[in-house]
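These notes are about the structure you will find just below.
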Amino acid sequence: MQRAEIQVKGRLDENWSEWFEDFEITYPDEDQTQLTGQIRDQTALYSLLSRLRDLGLALISVKCE
């Protein structure tokens with residue numbers, strides 16, 4: 001498992017946390033959302049990124065450790 005931090009432009013309501021595999025949702029800036037959590041593998045990461053794309057959220061950064 002890897003820890004992932006994903007930042008997108010726009011505000012995503014905290015109620016979406018379950019849909020995003022229970023990632024923690026925080027707001028580093030007024031018009032940004034950060035999702036933080038554990039990712040099993042690259043397939044899970046791409047699935048998560050696809051969900052963000054489907055919501056029309058612009059990707060700012062992805063950091064995996």
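The values are calculated or read from the model by the stated rules, or taken from the named source; none is laboratory data. Just so we're clear, the structure is a prediction, and the values are computed from it rather than from any experiment. Cβ coordinates were reconstructed from backbone atoms using ideal geometry, including for glycine residues, and neighbour counts include every protein chain displayed. Note: areas computed on protein heavy atoms with side chains; ligands, DNA, RNA excluded. Shrake-Rupley method; radii C 1.70, N 1.55, O 1.52, S 1.80 Å.
Per-structure values
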item: Pairs with Cβ under 7 Å, 6+ apart, first in the range 15-27 and open to solvent by 90 Å² or more (accessible area, probe 1.4 Å), second part of a strand (DSSP E or B) and of a type in the set (S, T, N, Q); result: E24/T36
item: R11, sole failed condition from (1) part of a loop (DSSP other than H, G, I, E, B); (2) touching a helix residue (DSSP H, G or I) at 6+ places or on another chain (Cβ under 8 Å); result: (2)
item: Scan of the range 32-50 for residues that are part of a helix (DSSP H, G or I) and either open to solvent by 70 Å² or more (accessible area, probe 1.4 Å) or without any contact (Cβ under 8 Å) to a residue 24 or more places away in the chain (or both), ordered by number; result: Q42, T43, A44, Y46, S47, S50
